[in-house]
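The values are calculated or read from the model by the stated rules, or taken from the named source; none is laboratory data. Nothing here was measured: the structure is a model prediction, and the numbers come from that model. Cβ placement follows ideal geometry from the backbone for every residue including glycine, while neighbour counts extend to all protein chains displayed. To get the accessible areas, we keep the full protein, side chains included, count just its heavy atoms, and leave off ligands, DNA and RNA. Shrake-Rupley method; radii C 1.70, N 1.55, O 1.52, S 1.80 Å.
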Amino acid sequence: MNCAKTLLIIYHSHTGGTRQMVHALREGALTEGSVQVHLLHASETGPDDVLQADGYVFATPENLAAMSGMLKDFFDRSYYGALERINGRPYATLVCAGSDGSNAARQIARIATGWRLKAVAEPLIICTHAQTPEAIAAAKHISATDLAHCHALGAAMASGLQMGIF
């Protein structure tokens, strides 16, 4: 019998910042060797993936003060297929923001509340300060310090799952 817990990381990234963040988070989660970690792009993720996981990380860039359309599309496609079937499971949020990121995090929290998920960490918002059209469209570079925060969140999520804390 396989008792390993599964952490599902669902993300979208357009300019690479969120991708760097989820890879650091994944590496942190893998430090808890008995937790299975699945990293899936939002376009490739559906309700069956959600149902098979024990915990979640939702990761998005901030687009026009909101979560990305691709992550919203994932929620649109998966919401009713998982509703009432994942109550109480833990989640965390990553946002790669150009300025603030709090509205994107709030949108995810509202959906997670509808799913009756349990937030186990404050949203981790990494601000790139991209404010011009050129900076917004440019490939992002996330600092080692910020990536270390992502790594630590991944380790904490996996450890909490494995120990049954959440």
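So G28 passes all but one of these: (1) open to solvent by 20 Å² or more (accessible area, probe 1.4 Å); (2) touching a helix residue (DSSP H, G or I) at 6+ places or on another chain (Cβ under 7 Å); (3) not aliphatic (A, V, I, L, M). Which condition number does it fail?
Every listed condition holds for G28 apart from (1).
Scan the stretch 61-72 and report the pairs whose first residue is part of a strand (DSSP E or B) and whose second residue is among the β-branched types (V, I, T), with Cβ atoms within less than 8 Å and a gap of 6+ or a chain change.
P61/T15; P61/T18; P61/V95
Does Y56 fit the bill of being of a type in the set (F, W, Y), within 15 Å of V22 (Cα to Cα), free of Cβ contacts under 8 Å to residues at least 60 places away in the same chain and in a strand (DSSP E or B)?
no
Given the options S13, S43, name the one that is in a loop (DSSP other than H, G, I, E, B), surrounded by fewer than 24 Cβ atoms within 10 Å (Cβ to Cβ) and at negative phi.
Residue meeting the stated conditions: S13.
Mind telling me which of the residues G88, G81 ends up being in a helix (DSSP H, G or I) and modelled with pLDDT of 95 or more?
Exactly one residue qualifies, and that residue is G81.
What's the number of the condition N87 fails, among (1) open to solvent by 50 Å² or more (accessible area, probe 1.4 Å); (2) within 20 Å of R26 (Cα to Cα); (3) of a type in the set (S, T, N, Q)?
Going through (1) open to solvent by 50 Å² or more (accessible area, probe 1.4 Å); (2) within 20 Å of R26 (Cα to Cα); (3) of a type in the set (S, T, N, Q) one by one, N87 breaks only (2).
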